[in-house]
Structures are given as structure tokens and as C-alpha cells.
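A quick write-up on the structure given underneath.
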Amino acid sequence: MIGTKTRALVALLLVVSVLVSGLLVAGCSKAEKEPIKIGVIGPFTGPNAKPGGRMKEGIELAVEEINAKGGINGRKIVAIFEDDASQPAQSVAAAEKLTTRDEVLLVIGAYNSACVLAHMQVTEREKTPQINPIAVATAITESGNKYMFRNCATNPMQVSQLADYVLKNFNFQKFAMLFENTDYGRGIAEVFGASVRQAGKQVVAEEAYNIGDTDFYSQLTKIKNLGPDALLIGGNLTEGSQIARQARELGLNVQLMGLGGLSSPEFDQLCDGANEGLICTSYFEVGTDDPLVKKFVEAYEKKFGKPPEMFAAAAYEAVYIAEEAIKKAGEHKNLAEWRQAVRDALAKIKDLPGVQGPTTFDEKGQADKKVYIVQWKNHEKVILYPTGK
Amino acid sequence: MQNFIQQVMNGLVLGSVYALIALGLTMIYGVLGLINWAHGEFYMVGAFVGYILAVRMGLPYFVALVGAMLIMAVFGIVVERVVFLPLRGRPNMNVIIGTLGLSVFLLDGANLTMGPDPVRFPSIYTDQFIRVLGISFTVQRLLVVIVTLVLIAVLRLFIRNHKLGKAMRACSQDLQAASLMGIEINHVAMITAAIAASLAAAAGTLIGPIFLVNPQMSIAAVGKAFAVTILGGLGNVEGAVVAGFTLGLAESLTVAYISSYLKEIVAFAILITTLVFKPEGIFGKHSVEKV
Amino acid sequence: MRLLETKQLTIRFGGLTAVDHVDLVVNKGEIVGLIGPNGSGKTTIFNMVTGIYTPTEGEILFGGQPIHGAKPHVITERGISRTFQNIRLFQSLSVMENVLIGCHCRMKQNFFDDLLATKKFLHEESQARRTAIELLDVFGLLDLQHETARNLPYGLQRKLEIVRALASKPELLLLDEPAAGMNPQESLALMALIRQVRDRGVTVLLVEHDMKVVMGICERIAVLNYGRKIAEGTAAEIQSNEEVIQAYLGRQAKTGA
Ligand SMILES: Nc1ncnc2c1ncn2[C@@H]1O[C@H](COP(=O)(O)OP(=O)(O)O)[C@@H](O)[C@H]1O
Ligand SMILES: [Mg+2]
């Protein structure tokens, strides 16, 4: 047991030392230039804490690399992380704090579309540029917000890319779709179905399921009877893996297709081989020859001891896009002017290389991104597009 | 026709799970007079126990099934002593808060110990297929239906003929009169909780290999189980079985012949219609024996 | 010999003293009546004796041993059994099953014998069934053994409740208004039945409103009013007791009952 007096003394010493060191740090940084503050909003706790953590790691790595090179225009950069726990209200509070109290130059975030849709009004009001690396709702860049930029493909973009690829490279006549009964799933079915019909092919089945469903035999039995050549799974990995397995059990031997979530190793694990031959889109692949990707994968593995995945890559890339814009924008005394200059520089970015491919923003702030198209073969992904990389 | 048979088989699998979960829920209500909001978690914990025995410890599947049922029987007794007993005869609000608290405790406990991500629970029967008359299913699915029917038959025999089964029926009708007839209410309460938890474990262990096992599986399950329980008449064992299979078949045939968009709606439409026209459930409490 | 004895038995519900320092003695082999206007505390005394309520004050001795505060099933095992003012049969069970459940507490194998249906268990089961058949036979219900309890006519339901109570082989039987709702013939049959029960060696404590029944079969009668015992004696003594007459008249004037 430590006596109360001793404890009080220790506490006092602690307080004093913190104050002193604070003064020292402040004194030192006065000598250099003040660092550039970048705000990051993401789900660092709650149901999406895992991908949120990857996102944070990607940002930490990029910041470290940039500072090691001497920062931007002679200034170091610091990332200030604010947790939104996937809650829109908390996300708004995070944006308020970062833009008004911390006075960050730029915001990166977040993970959930609902959160971005909620807090983007704050960054817009504060005229603070924002790069959104992950949230894919189309409305985010369709709302006319001049300060919002997105460096990943939206759902319709990846869905139509997948549809174009499949329609061009296979001679399938009849398509079936099984998708989750949400905006996300229905959006996928809409875009994919439109592409198929436009190509003069048939959609023979459009079946829905609810998130959390476990049994898809009824839908798959019905689909099997309609005799399609290919089946699009419009959902996430938990349900997607069950659909793949149950399709195999029912003897529904058709080409399976899916979107981003089905390219993850967890999906492969849950499928138990039922994903063999499945074609899906992917935002990020470690196995390419792109030197930029190779360098990133190496550095990430060194720092975190595991290979990076899409969320880390997207966030990492966002920091480099920010770096480019801040560099181009130059020095400004007034924060509002500086933010405006960064926004304008972002809008002008053209063919900036990144780990997810080159970035060029359109007038809505949406980057013209291509996704990978991959195929599962023996628990590994084979990259079908782009070829020759 | 082929399609119809396949869809009926699909419906029977769903119905088996609904029936097994709802049976425990309805028995606990019938005998202990409380609605167990944590029953979905009984099913989930049971599935994880089966998973640990079969996958992590490598026991043969049937050993794991029986093991999970026994372990969960003990779990049920502990829950009865620690949670249900203090809630007995308390106002409804206390019961709701008490069992909801248990539900949150078990869900978070599972999230902490097993992690939130789904895990696969392979059994040798998931890789064996039966393909007859153009219909197709795994042996595991057949097992679900068969084991469920066997368990229901054994339960029925027990409740009808065994001294403790009779005591359960007596308690479900008049707890006080039963205790005045010399029935040790505590024994009956414990055995009821044990059977309910062990049926939930059977459901979890049977279904685990077909689907995935994760803490969230409790949430979807409990909604359906409540629908089935109310449909069959609260406390009505035979009603729960019939309602479970009815719902499973209704869902499967709705997808087949109407639309998959309506699958969930059908379940709850049946439920609401029943509540409006026959609030005591399809079978009520009086036309068929309660527990 | 004193079989049941209450000493200063008292229970309060909030401000209401439902039973107020009652001393009552029932000797072995007697038929004792307990009467009093509605709400005077008769059923409450039964509830305390059978362990449903715990007395606020006082003692209950059964065979000289204190039993107040014990659990109902323990008291049943000790040898006290009862019927209810409003019939509480297990309505959806058969006549036979109702009686078998009454036999429960005389089956003394342990929990695991029960569960695993051991030889011992099966032996006791068949013995219980024999007891049940014998009882149903004696009281003329054997032909109805497979009938569901709720399908019996009212009079037979009352009878079945008594038979069920006897199945636990009690020394003392508490009957709470068994003649309620019976016509005069049924009441006469009931009186014969109660005598028959006593002749099997079972002591009876009877709560009853039907004065013909009470006066006809009770050797001793105790009278309650507002929770207090106001009189005790033979039928003749009670009938001429001023305070008793006053109690009944006073209430009748007020409630019209
Ligand atoms: N559990 C209880 N809570 C409150 N009051 C009760 C309770 N049980 C009985 N009483 C009251 O005790 C009094 C005696 O009731 P009771 O014993 O049923 O009378 P009776 O002589 O008609 O059988 C009544 O006033 C009744 O309202
Ligand atoms: Mg009374």
C-alpha cells in the first residue's frame, strides 16, 4: 500500500513534469515551423473498429513517411484522430471539433456513408476540404458539396466495371442476382441489371435476402430452376459466403460473381472452397507489380507485421493526395485562405499516382478510379484486370 | 413438383430450428411464467459450445452434439438459480430487465471471448450430399430434421408420461396448487430450464455446420422464436412445434412461389393476423395441452 | 391427541390484521368446523397452515413440531393436504394424472432416479398408479380416469379435488368450502364422503358456509369474526351463542350476504 501522502506527492510531481515538458515542447516547436494539422474521422471503436483500425494504420504510415522526407513545404504534418464509433451524431461532433477547435487544414474520413453524409455539412460550412477514402454512397459526391473529394470507386462504378468485364469476356446469356434487401444491395442489382439488359442479355432472377439471414436454399432453389449461366451475389462476406456454399450444395454450378467484400481472405476462409472460380471486384491487391504498391506493402508489413488491405491502402493514398494538394497550394497566413487554396489544388489534381491507381477528380470531386477484377483460384486471387500489371 | 419437394425440404430445415428454439422459450414461459429474452443467446452459446467441442477439441460430431446439450443443461440450471429464481413472481418489468440484462451479458461475453466475426463450424456431414429425384441437400440438413423430430418425440414422451413431465404440466397450470400437492417447484424449475437450454444447444449445434456461428446469430433467431411461440400459443409445446414447421414452410414456399422480398413479411403477417383474430395463438391454451 | 395446534396465530397485510391471535386445536380423528362471515380469515388460516403465507406472529404445531414458515411441498410431505375454495384442479390433465400428481410426495427416490427412470423409479411409479386406482375406485371415479378434468361436472370436480388431496396420504385434510355451489343432494353426498374420509383415519378441518353440512358432521366448531376467534364448541353451543348470532346478523345487515 502506498500512503496517501506519497501518492499526493507523486501526483504533484507528475503534474509539474507534464507542465514543464509541455512548455519545453512548445518552446522547441516555436523555433521550427508549426506542423500542418490533418483531421481524421473514423470508427476506432464500435462495430467497425477493425476496419477503422486499418484505416488509422494506413494514415499513420503515410504521415511517418512524409515527415521522414522532411514534411510538406518544410512543415511536419500531424494527424489528429477523432472516433465516430460509426455513429452519425458522434461523427458530426468529431467534424465540429476538428474544423473549429483543432483548426485542421483538411479532413480525411470516414468509414460509414451515413457518417460522412451527416458530417460533410460541417466541413462544407467551415469550407474545409475533405478527402473521403472509403465511404461509397453515391450521394456523397452527388450533393454539390464543393469541398468533398473521394479517392475510391463508388458502387455503381465498380458494379458496371464488373458487368462490362463479364459481358465482354464471357458469353453468358442468362443472369441471376441475389442481393441484400438494402439500398446497397438494391443499388447493385439495379446497375448490374441495367448493364445486362443493355447488352441484350437476360436477367432471369432477382431475389432478395435480409442482412443476418442464414438460409438461402429457397432463393437458390428457385434460381436453379430458372437455369442461369451466372449468379451475382450483391452483398457482404458473411451472407455471401453462405450463398456460395449453399449454391454448391444445391448443385447450382454457375459462374458466381460478387463485389469488393468477397475479395477478402475472411471470405475465402468462410467459403470453404465454395468460392472457387468466383469473380469479384477488389479495391486493392497486394500481389501486383506496381512499384508504388510494392513499396507500400513492404513498409506496412515492416511497421505492422501483417499485409495491408483495402482500407489501409485507401487511407494511405488519401494522405498522399492531401500532400500533393497542400504542396501545390503553397503557404497562407490565413487559415480560411489556406483551406480554399488546398481545395482548389485538390480539384486540379490529375493522374496522380497512388496505391489504388491514378487519381483525377471530376467536377463533383469523384476520382475516376478503376477497381481490380479478380478470380478466386485455389484460395488465391488471380488478377484478371488490369492485365499485364 | 421437384421444385416443390426441394422447397418443402428447405422449409423443414428452417422449421426444425424454429421449433427447437421456440420449444424452450415456450416451456420456460409455461412452467416458470417468465419470458426469457435471453433465449436467442442460449441458442448462440449452445452453438459455440458445440463448435468448441467439435472443432477446437476435435470430438466426433455426435459426441459434440450430446456434449453441448449436457453442458447447456447445466448452464440452464445455473441460469435458473441465479437469474430466473430471483425474478419468479416479480412484476413483468423486472423480468424483462432481468432477462434482457442476461441477454446483453451473454452477447457481450461471446463477443469478448469468441470475437464478433463469424466462424465456420464444419462437420463431416456438410460435405456429404444426397441427390435424389433431382433434389439436393447435404446429409447435415437431413440430420437437422431427423434429430429435431427425435428430440420432439422424446420430449413429448417425457412430458406426457414421466412423473417429472406431469409435474411440469401441473406447474404450468397452477404453480401454487402444484406445490401444495407436494411438487418440489425448484426441481421442476431447474429441469425445465435445463431442457430448454439443452434444446437450444441442439438447435445451435445442428445448425452451426450449415450456417456460420457468431454472437449475432442470437438476434435473428430470437425474433423468429418469439413469433413461433406466440403463434403456437404461449406455453403450448405442441403449438410451438406445429407453428415452427408452419413458419419454416411458409417462408420457403413464399420465396418459391411469391417473392423473396415477402419472406419476412409473411412470417410477421401470419403473426399479426393470428394476434388479431386468435390472440391466444393458433392452438390457444385450452384446446391443446400446455406443457 | 393434538394433531394441529395454532398458538396466537396472527398475520397482517399492511394495516389489516387478517388473522388475529387465534388459538385453535384439532385432535386426531376429529372433524372440526371453522366458520365465520366472509373475509373473517378462514382461508388465510389455511394458507398459513399449508405454507403459502408465513405468519407474522404465533406458531403452528403439527404433531407437536413447528411447521410455520416451511415450504408448501415440505408441509405436504409432513402430512397436511388441502382443497381450494375455488376449484384448482390441473384442468387439462386427466383425472388419473391429477391423482398421480397427488401421489408425488410419497415417492421418495432421488432426482436422478426420476430422470433416468431407474428400477426403483419404475417400482414406485407402478405403486403410485395402484394407489391412484384404489382411491378412484373407492370414491367412484375410476370409470372417468381418462377424462380430462375440465370436462367433469362441477360436483365431480369437487370430489376429484378431495381425492387428489388424499393421494398424498395426509393425516390432516383441510377442506375449503367444499359444498359451495352444490345442490342439497350433492351436499348430502358430500357429508357422507367426508365421514368416509375420516373413517380412513384422516382428520378433517372444514371451512364451510352451508350450516347444514357443518352442523351435521362437525364434532367441534370454531367461529371467526374479523380475524378473531369469538367462539368454540359443539354445534348446539355455537347455535345459541349470542356473539355468533350477532356477528352473522351484523354482517348480513351490512352486506346483505
Ligand atoms: N394476500 C393478501 N393480501 C392482502 N389481504 C389479504 C390477503 N389474503 C387475504 N387478505 C385479506 O384477509 C381477510 C381475510 O380473507 P380470507 O381469509 O380469504 O377470508 P375468508 O374467511 O372469507 O376465507 C380479507 O379481508 C382479505 O381481503
Ligand atoms: Mg375463504
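The values are calculated or read from the model by the stated rules, or taken from the named source; none is laboratory data. Keep in mind it's a predicted model, so treat the numbers as computed, not measured. Cβ coordinates were reconstructed from backbone atoms using ideal geometry, including for glycine residues, and neighbour counts include every protein chain displayed. Calculation scope for accessible area: heavy atoms of the full protein, side chains included, ligands and nucleic acids excluded. Shrake-Rupley method; radii C 1.70, N 1.55, O 1.52, S 1.80 Å.
Listed here are the strands (runs of 3 or more DSSP E) enclosed by the stretch C:134-228 that have at least 2 residues being open to solvent by 10 Å² or more (accessible area, probe 1.4 Å): C:220-225. Contact annotation: no residue pair with Cβ atoms under 8 Å, 6 or more positions apart or on different chains, pairs a residue in the stretch C:1-27 that is within 14 Å of chain B (Cβ to nearest Cβ) with a partner that is assigned to a strand (DSSP E or B) and away from ligand 2 (no atom under 16 Å from the Cβ). The residues listed here are A:A194, A:A208, A:A135, A:A153; of these, the one that is among the small types (G, A, S), more than 21 Å from the chain's Cα centre (by Cα) and open to solvent by less than 30 Å² (accessible area, probe 1.4 Å) is A:A208. As a summary of the residue check, A:D183 satisfies the conditions (1) farther than 19 Å from A:I140 by Cα; (2) of a type outside the set (A, V, I, L, M, F, W, C); (3) out of contact with any Gly (no Cβ under 9 Å at 6 or more places or on another chain) except for the one numbered (1). Six or more apart or on different chains, Cβ under 7 Å: which pairs go from a residue in the stretch A:307-319 that's not assigned by TED's automatic domain parsing to the domain that holds A:G42 to one that's at pLDDT 95 or above? Could you list them? Taking only residues 6 or more apart or on different chains, not a single pair turns up. Checking B:A194, B:A170 one by one, the residue that is more than 9 Å from chain C (Cβ to nearest Cβ) and either under 18 Å from C:L89 (Cα atoms) or surrounded by fewer than 24 Cβ atoms within 10 Å (Cβ to Cβ) (or both) is B:A194 and no other. So is C:T43 within 14 Å of another protein chain (Cβ to nearest Cβ) and in contact (Cβ under 8 Å) with a residue 24 or more places away in the chain or not? Here the answer is yes, as C:T43 does meet what is asked. The single condition among (1) open to solvent by less than 50 Å² (accessible area, probe 1.4 Å); (2) modelled with pLDDT of 85 or more that B:G281 does not satisfy is (2). Residue count for the stretch C:43-54 satisfying the condition of being open to solvent by less than 10 Å² (accessible area, probe 1.4 Å) and within 9 Å of ligand 1 (Cβ to nearest atom): 2.
Residues are listed down the side, and each one gets a yes or a no for (1) more than 9 Å from chain A (Cβ to nearest Cβ); (2) surrounded by 24 or more Cβ atoms within 10 Å (Cβ to Cβ); (3) not in a helix (DSSP H, G or I):
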| residue | (1), (2), (3) |
| --- | --- |
| B:P215 | yes, yes, yes |
| B:I219 | no, no, no |
| B:F245 | yes, no, no |
| B:I272 | yes, no, no |
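Looking across the stretch C:70-98 at every residue that is hydroxyl-bearing (S, T, Y) and more than 9 Å from every other protein chain (Cβ to nearest Cβ), the one that is least open to solvent (accessible area, probe 1.4 Å) is identified as C:T83. In the condition set (1) closer than 20 Å to A:A367 by Cα; (2) not in a helix (DSSP H, G or I), A:L117 is compliant with all but (2).
Restricting attention to the stretch B:96-151, the residues that are out of contact with any helix residue (DSSP H, G or I) (no Cβ under 8 Å at 6 or more places or on another chain) and within 11 Å of chain A (Cβ to nearest Cβ) add up to 5.
Taking (1) open to solvent by 20 Å² or more (accessible area, probe 1.4 Å); (2) within 14 Å of B:A202 (Cα to Cα); (3) not aromatic (F, W, Y) in turn, B:V55 satisfies each apart from (2).
Summed over the stretch C:1-15, residues that are surrounded by fewer than 16 Cβ atoms within 10 Å (Cβ to Cβ) and closer than 18 Å to C:I230 by Cβ total 1.
A:E103 - would you say it is more than 12 Å from A:G39 (Cα to Cα), open to solvent by 60 Å² or more (accessible area, probe 1.4 Å) and assigned by TED's automatic domain parsing to the domain that holds A:Q366? So A:E103 does not fit the description; no. Looking at the stretch C:78-90, can you tell me whether even one residue there is β-branched (V, I, T) and within 16 Å of ligand 2 (Cβ to nearest atom)? Looking for residues that are β-branched (V, I, T) and within 16 Å of ligand 2 (Cβ to nearest atom), one finds at least one in the stretch C:78-90, hence yes. Looking across the stretch C:70-98, the residues that are closer than 16 Å to C:R158 by Cα and within 16 Å of ligand 1 (Cβ to nearest atom) come down to C:R82, C:T83, C:F84, C:Q85, C:N86, C:I87, C:R88. The single residue among C:V32, C:V26 that is within 16 Å of ligand 1 (Cβ to nearest atom) and either of a type in the set (F, W, Y) or open to solvent by less than 10 Å² (accessible area, probe 1.4 Å) (or both) turns out to be C:V32. Of all the residues in the stretch A:120-132, those that are open to solvent by less than 10 Å² (accessible area, probe 1.4 Å) and assigned to a loop (DSSP other than H, G, I, E, B) number 2. Examine the stretch A:366-387 for a residue that is open to solvent by 70 Å² or more (accessible area, probe 1.4 Å), of a type in the set (K, R) and under 19 Å from A:K76 (Cβ atoms), and state whether such a residue exists. No. Residues considered: C:I67, C:I101. Of these, the only one that is more than 28 Å from C:M191 (Cα to Cα), open to solvent by less than 10 Å² (accessible area, probe 1.4 Å) and away from ligand 1 (no atom under 16 Å from the Cβ) is C:I67. If you go through the stretch C:37-68 and keep only what is among the hydroxyl-bearing types (S, T, Y) and out of contact with any Asp or Glu (no Cβ under 8 Å at 6 or more places or on another chain), you end up with C:S40, C:T44, C:T50, C:Y53, C:T54, C:T56.
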